[in-house]
Amino acid sequence: MSVTMHLDTAYFNAIKNKTKQYETRVYDLKRKKLRLLEEITFLDRESKRMFKARIIEIAWFPDFKSAITPVGFKNVLPDALSLTEAVEIYESFPHSSEGNYQEGAKKYGVLRIKFALLK
């Protein structure tokens with residue numbers, strides 16, 4: 001099964017260029033279906049460009065700070081200037097059923113995935 005994750009252009013490019021090694025998301029019902037070694041299609045929201053990757057690491061955390069700290073904020077959000085800024089950026093993203101990622105994380109927790117790009 002292949003899952004599609006939509007990304008803003010900056011994050012799409014950072015993953016494709018391998019400067020962003022991890023993606024974090026609210027661990028909602030959609031993300032609970034993700035599995036180790038599963039294929040993901042990353043889709044650029046603006047240009048509709050895409051590429052594929054495989055999940056090589058997957059972990060659950062109670063919040064964004066706990067998910068980001070062990071791997072370093074630069075590996076999650078390369079343009080962030082600090083851990084605090086990285087957490088604030090993630091928590092501000094909209095979440096369809098919870099308002100924003102901060103509320104979603106409080107309800108469901110956070111999923112951190114690492115991936116390997118596929119040719």
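Could you tell me whether any residue of the stretch 15-22 is of a type in the set (A, V, I, L, M), within 20 Å of Phe93 (Cα to Cα) and out of contact with any Phe, Trp or Tyr (no Cβ under 8 Å at 6 or more places or on another chain)? Scanning the stretch 15-22, I find no residue that is of a type in the set (A, V, I, L, M), within 20 Å of Phe93 (Cα to Cα) and out of contact with any Phe, Trp or Tyr (no Cβ under 8 Å at 6 or more places or on another chain), so the answer is no. Looking for something outside any loop (DSSP other than H, G, I, E, B), within 15 Å of Lys114 (Cα to Cα) and at pLDDT 95 or above - is there at least one such residue anywhere in the stretch 83-98? Checked the stretch 83-98: no residue is outside any loop (DSSP other than H, G, I, E, B), within 15 Å of Lys114 (Cα to Cα) and at pLDDT 95 or above. Of the residues making up the stretch 31-46, just one is under 13 Å from the mean Cα position of the chain (by Cα) and farther than 17 Å from Leu118 by Cβ, namely Arg31.
Taking the stretch 51-67 as the region of interest, how many residues are in a helix (DSSP H, G or I) and either touching a Pro at 6+ places or on another chain (Cβ under 8 Å) or hydrophobic (A, V, I, L, M, F, W, C) (or both)?
2
Within the stretch 58-111, count every residue that is farther than 16 Å from Val26 by Cα and of a type in the set (D, E, K, R). Number satisfying all stated conditions: 3.
Pro70 fulfils the conditions (1) touching a residue at least 40 places away in the same chain (Cβ under 8 Å); (2) assigned to a helix (DSSP H, G or I) except for a single criterion, (1).
The rows are residues; the columns are (1) of a type in the set (D, E, K, R); (2) surrounded by 14 or more Cβ atoms within 10 Å (Cβ to Cβ); (3) within 15 Å of Val3 (Cα to Cα).
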site: Gln21; (1), (2), (3): no, yes, no
site: Lys32; (1), (2), (3): yes, no, yes
site: Ile40; (1), (2), (3): no, yes, yes
site: Asp44; (1), (2), (3): yes, yes, yes
site: Phe51; (1), (2), (3): no, yes, yes
site: Ile56; (1), (2), (3): no, no, yes
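One residue stands out among those in the stretch 62-99 that are surrounded by fewer than 17 Cβ atoms within 10 Å (Cβ to Cβ) and β-branched (Val, Ile, Thr): the one that is nearest to Gln21 (Cα to Cα), which is Val71.
The values are calculated or read from the model by the stated rules, or taken from the named source; none is laboratory data. Note that the coordinates shown come from a computational prediction; the quantities given were computed from them, not determined experimentally. Using ideal geometry, Cβ is built from the backbone for each residue, glycine included, and neighbour counts are taken over all protein chains shown.
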